Each structure stands twice: as structure tokens, then as C-alpha cells.
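J.: Pasting in a structure now, in C-alpha cells, and then I'll have a few things to ask.
None of the figures in this text is laboratory data; all of them are computed from the coordinates on show. From a predicted model like this one, the values you see are computed outputs, not experimental measurements. When we count neighbours, we look across all protein chains shown, and the Cβ atoms used for this are built from the backbone with ideal geometry, even at glycine.
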Amino acid sequence: MKRTIILLTLFFATLSLSGAMAQEQAASESFPMITIPESITAPLERAAYLSEHYWEKADFNTLTDQQLEEGFTNMVSLISLLNAEQLDKSWAAAVKRAESCKTGVARLLAVADKHLYSISSPLYNEMAYSALLQKALVSKKIKKDAKAPYQAQLVMLEMNKPGTPAVDLDLTLIDGTKAKLSEINSAATILYFYTPGDMNCRLERFRLSQARLISYLERAGGLKIVAISPSGDKELWDKYKSEISSSWVNAYDATGAILKDNLYDLRVLPRIYLLDDKKNVLLKNASAEQVEQYLSSVMQSVAAKQAGEAAKTEEKAE
């Protein structure tokens, strides 16, 4: 909660600064911001009001690309403070305003693609992008052929997202045997998709191997790391397979189906997924650090629950 309040304070301070700067510029150069009623003072309530009314002054017929870019990136900085319902309402309002212009929805999607779906973007957010696509792709103001690439993106975003079963995979292991992902038994599983010999993949593999909690859980038998070369290039895999830790499941996709059939979103490698004991996705496209943090929070939650149950047992005993 303390972190949320800090984020809210910084966000509204940024908006205030932007407003002050805007007064020094021509009105046409800045995104038209709404005014939050002074009667709304609670930070979370202010964030909710802002998200719901954010797009009310945006006229896509006159809104410049620069204004749209500015307004969109400011909106995205608010996303972490919103629940799913609030975000849906804001995106629905954005699409409705964009529909007032013939090219409005297409422009909105283009800027969203740039900031939310581009992996190199500091604002990359699959959940937020998926929510916007679901609102925008039902609009009649975007042509059918223009929808096609975004529909393909939405399919990929919905596959293997947190809370859904991971697509099962047919793997070839280092000893030549075949195995399915679903047959790998573990309380938790890390899928590490990589390109053999690639420096970025080596760096992320090093981070995984150096993460203390991940290493501890792996040694304790509570977690397995499955390293997968998805290209189907056996010669390349053979050349570098010795780089993979002997404690990891070392595998490659002999048929190349993972990439050919787009079974996982592997636009760039490496990619990391965290699965639970039933092979449901917990984290998608995460970093080694994010996996470590997630596992740590789970263990802290379990420890707190066990401590609470122990305290209740002691109270009953007394």
C-alpha cells in the first residue's frame, strides 16, 4: 500500500508539472487534460476518476500525432494503479472517442503497438495491450484488412497467458529420448527458450543460474528448469548443448513446431515462462529477476500462512 501511495504521489506530481509546462506552450502542443474535481482527494479515487474521464477532451479529428503520443504515454503510466475494470473502462472510452475520426482507431492502435507491444519499449505491457485490442477490434471504424495483424497479435497474447494452461510441447532430450512438457513433474517449472550461442541468451541463463532462491529450490527438488532450443536446428543445438547445466532439462524442438506453429510468443529470445505443478502459466515473458521475486513472494505468503496456523494451534492448546 505504501508503494502504491508513493506511485500515486509521483504520478500526480508529474501531471502537475506537465500542466505547468503546458501553460508555457501553445495550447495546441499538449494533450488536452481533464481537471479532477477538488472534492476528490483520496489518491486511489483520483486515479480512478482520471482513468475513467481521461479521454473526454481528446478530439481525434484535431489531435496531432505528438499530442496522441503524449497523452497515451501519460495514460500508460497510470495503468499500474488501476484494476482490470477501470482499465477496460478507460480503453472503451478511448476507442469511443477515436471513433469520431475516420482514422482515429487505427492511430490509437498504432501508438499502442509502439509502446505496449514492442519488446524494446520501456512501457511494454501485454495485459494492457490485450485489453485495448479487445475493445478496439470490435470497432466498425477500422477496416477488416487492417484488423488482421492486430487479431494475430491478440491470439498470441491470449495463448500461454498467466492463469491458462501452457501449451504442451514435444521435446527431444540430450540423450535422444522424447518427452512431453506435461510429463515433467515438478512443483514449479521454468521454461527457458533460447538461441544456442547467443550472447543475450547466455547472459539471461547466467542470471537464472545465479539467482539464489531459484538455485535453492532447484537443488531442493521443488523446481525444474527446462532449457529449450526452439528452432529445430539440431546441429546448432549439438554445438552448444554442453553450455546448459547438467541439472537442467536440456531439450530442443526437433520438428521446429514451436516457431512454425507459433505455439509460444518467441519474437525475441531468450524468453522465460514460470509454470505451476499442473503446468499452468504463472509468469509469461518474464526475466530471471521477476521469477525470483515471484517465487520469493509466494514463499513469504506460505510462511506467513503457516505462522498464522501455528499461532491458532497454540491458542487452542492453551
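J.: How big is region 217-268 by Rg and Dmax over its Cα atoms, in Å?
T.: According to the Cα coordinates of region 217-268, Rg and Dmax are 12.6, 36 Å.
J.: Can I ask one more? Given Cα pairs under 8 Å that are at least 6 residues apart, what percent is the relative contact order of region 107-264?
T.: On the way: 176 pairs, mean separation 30.3, N = 158.
With pairs under 8 Å counted, the relative contact order is 19 percent.
J.: Expressed as a rounded percentage, what relative contact order does the chain have, with Cα pairs under 8 Å and six or more residues apart? Each step should come with its number before you reach the end.
T.: Values: 403 pairs, mean separation 43.3, N = 318.
It comes to 14 percent, rounded to a whole number.
J.: In the structure displayed, which of Lys241/Lys278; Lys161/Lys260; Lys57/Lys140; Lys57/Lys284; Lys180/Lys260; Lys224/Lys278 lie more than 24 Å apart, Cα to Cα? Walk me through the intermediate numbers first.
T.: Values: Lys241/Lys278 27 Å; Lys161/Lys260 19 Å; Lys57/Lys140 22 Å; Lys57/Lys284 36 Å; Lys180/Lys260 18 Å; Lys224/Lys278 13 Å.
In this structure, Lys241/Lys278; Lys57/Lys284 exceed 24 Å between Cα atoms.
J.: Let me ask something else. Among the complete DSSP H segments of the chain, which ones combine at least 30 Å of alpha-carbon extent along their axis with a mean Kyte-Doolittle hydropathy of 0.0 or more? Mind showing how you got there, number by number?
T.: On the way: long enough: 2-23 (32 Å, 1.13); 288-317 (43 Å, -0.57).
Membrane-span-like by this rule: 2-23.
J.: Could I ask something else about it? Can you give the % of DSSP beta bridges in the chain that are antiparallel, to the nearest 5?
T.: 55 percent
J.: Just for region 170-300, what percent of DSSP beta bridges are antiparallel, to the closest 5?
T.: Numbers: 12 of 22 bridges.
Percent antiparallel among DSSP bridges in region 170-300 is about 55.
J.: Which of the GluC sites (Glu not before Pro) found in region 47-100 are loop residues per DSSP with 13 or fewer other Cβ atoms within 10 Å of their Cβ? If you can, show how the numbers build up before the last one.
T.: Numbers: sites: Glu52, Glu56, Glu69, Glu70, Glu85, Glu99; in loops: Glu56, Glu99.
Answer in residue order: Glu56.
J.: Hey, fewest Cβ within 10 Å first, where do Met156, Met127, Met199, Met75 land in order? Before the final figure, lay out the partial values.
T.: Numbers: Met156 18, Met127 15, Met199 8, Met75 22.
By the 10 Å Cβ count, ascending, the order reads Met199, Met127, Met156, Met75.
J.: Which loop trypsin sites (Lys or Arg not before Pro) in region 68-127, with loop taken from DSSP, have no more than 14 other Cβ atoms within 10 angstrom of their Cβ?
T.: On the way: sites: Lys89, Lys96, Arg97, Lys102, Arg107, Lys114; in loops: Lys102.
Within region 68-127, the qualifying trypsin sites (Lys or Arg not before Pro) (loop, at most 14 other Cβ atoms within 10 Å) are Lys102.
J.: Continuing with this model, one more query. Which whole-percent values make up P(r) of region 170-300 when all C-alpha to C-alpha distances are grouped in 10 Å steps starting at zero?
T.: In whole percents, the pair-distance histogram is 13, 48, 34, 5, 0.
J.: In whole Å, what is the distance between the alpha-carbon centres of region 203-228 and region 61-137?
T.: For region 203-228 versus region 61-137, the Cα centre distance is 36 Å.
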